[in-house]
1. Which loop chymotrypsin sites (Phe, Trp or Tyr not before Pro) in region 87-143, with loop taken from DSSP, have no more than 15 other Cβ atoms within 10 angstrom of their Cβ?
2. Rounding to the nearest 10 and keeping the result within 0 to 90°, find how far the Cα-based axis of helix 95-111 lies from the longest principal axis of the chain.
3. Would you work out which of Gln40, Ser28, Val81 lies farthest towards the positive end of the dipole of the chain, given +1 charges on the beta-carbon of Lys and Arg and -1 on that of Asp and Glu, about the Cα centre?
4. About its Cα centre, how strong a charge dipole does the chain have in debye, to the nearest 20, once Lys and Arg get +1 and Asp and Glu get -1 at the Cβ?
5. Kindly give Rg over Rh for the chain, based on alpha-carbon atoms, with the Kirkwood expression for the hydrodynamic radius.
6. Convert each backbone phi in region 65-72 into a coupling constant with the Karplus relation 6.51 cos²θ - 1.76 cosθ + 1.60 (shift: θ = phi - 60°), then list the ³J(HN,Hα) values in order as whole Hz, x for Gly and Pro.
7. With +1 on each Lys and Arg Cβ and -1 on each Asp and Glu Cβ, how big is the dipole of region 1-97 about its Cα centre, in debye rounded to the nearest 20?
8. Could you run the Karplus curve 6.51 cos²θ - 1.76 cosθ + 1.60 with θ = phi - 60° over region 116-121 and give me ³J(HN,Hα) per residue in whole Hz, x for Gly and Pro?
Amino acid sequence: DKDMTKVLYPGSFDPITKGHMNIVEQASELFDEVIIAILQNPKKNPMFTAQERLEMISELYKHYNNIKVVIGTGATVDVAVLHECKAIVRGLRSLTDYDYEVQMQQINKDISNNQVNTICLFADKEYQFISSSMVKEVLSLNKDISSYVDKSVQRKLKMKRGN
């Protein structure tokens, strides 16, 4: 449907946190469809494969009819165009995030011939400090991560660590 506003929410989601989920839920209330795109970051050594992340996130959103999960390859803008998304949604936590996103949105606009915009959303305050790397760090210290990730994600993390 041409009148539907679809947005892409890209990330490595290794693992997906309650911060990410907060952004997904905000976006799903604002737009007709949210496509969560799992992207591979070649610089990072992921804990979960793209397929594992796809299954984990699909499980979380199986009861939502306007949230889809895909594995994206190549440039984020190309993934957005492929899925007919009008914009890319990004979550902002800090000034560092902001500086990075300002640069990225300009590049994305240029390389998509002005087809793809960027929309920044703010995670609710209790999630603003959460990142996937922080979750993995806390987990490695054998500390409780239940306030940072969904129960199903926590189970997968513990299985991955073998405890």
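Values quoted throughout were computed directly from the atomic coordinates according to the rules given, and no laboratory measurement underlies them. What you see is a predicted model; the values in this text were computed from it and never measured. We place every Cβ from the backbone using ideal geometry, glycine too, and count neighbours over all the protein chains shown.
1. Working: sites: Tyr98, Tyr100, Phe122, Tyr127, Phe129; in loops: Phe129.
Sparse-neighbourhood loop chymotrypsin sites (Phe, Trp or Tyr not before Pro): Phe129.
2. In the chain, helix 95-111 runs at an angle near 40 degrees to the longest axis.
3. Positive-end residue among those listed: Gln40.
4. Working: 21 positive and 21 negative charges, 144 e Å.
Magnitude of the dipole: close to 700 debye.
5. Numbers: Rg = 15.5 Å, Rh = 16.3 Å.
With Rg and the Kirkwood Rh in hand, the quotient comes to 0.96.
6. After applying 6.51 cos²θ - 1.76 cosθ + 1.60, I find 8, 10, 10, 10, 10, 9, 9, x Hz.
7. Working: 11 positive and 13 negative charges, 68 e Å.
Dipole about the Cα centre, nearest 20: 320 debye.
8. 10, 8, 10, 10, 9, 10
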